[in-house]
Amino acid sequence: MNLDHADIVGIAFLVGMALLSGYFLLLRIKEFYTEKPDPKLTYATIAELEKLRGQLDQFQRDTKADLDALDQRRSRSVAGIHELIRKNAEHIAALIAQIEMAGQRLSELTTKTERLQEKIRS
């Protein structure tokens, strides 16, 4: 072995080791700062976001339409209930008037019956 070039070989070996160590450290730093898991697997693409946004908008429109239809049905139901209450109140008022008239007629009939009984006894 030639010892004349041993210093140069040693220096070259040390420089090579330093360069490889530096490269290894750069790879470790890069690995440390890379996202885990892979962003391609975890993030949505713009097309996927647009598709999701479209689905959400459609869902929102459908929900609004359903709520509007439900509100219209509720309004019609409330109006129908008010109409039934009004008709029931009219019928109750008519029944009360008929009962009062029947009571008055019964009272008159009772009075006439008592007079007839008095005439029959006398």
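Let's see how each residue does on (1) assigned to a helix (DSSP H, G or I); (2) open to solvent by 80 Å² or more (accessible area, probe 1.4 Å):
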site: Glu35; (1), (2): no, yes
site: Leu41; (1), (2): yes, yes
site: Leu52; (1), (2): yes, yes
site: Asp66; (1), (2): yes, yes
site: Ala69; (1), (2): yes, no
site: Ser75; (1), (2): yes, no
site: Ile85; (1), (2): yes, yes
site: Asn88; (1), (2): yes, yes
site: Gln98; (1), (2): yes, yes
ask   = If you take the residues in the stretch 100-122 that are part of a helix (DSSP H, G or I) and polar (S, T, N, Q), which one is most open to solvent (accessible area, probe 1.4 Å)?
value = Gln104
query = Would a scan of the stretch 3-15 turn up a residue that is surrounded by 10 or more Cβ atoms within 10 Å (Cβ to Cβ) and not in a helix (DSSP H, G or I)?
reply = yes
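The values are calculated or read from the model by the stated rules, or taken from the named source; none is laboratory data. Predicted model, so just to flag it, every value in this text is computed and none were measured. Using ideal geometry, Cβ is built from the backbone for each residue, glycine included, and neighbour counts are taken over all protein chains shown. These area figures cover heavy atoms from the full protein model, side chains too; ligands, DNA and RNA do not enter into them. Shrake-Rupley method; radii C 1.70, N 1.55, O 1.52, S 1.80 Å.
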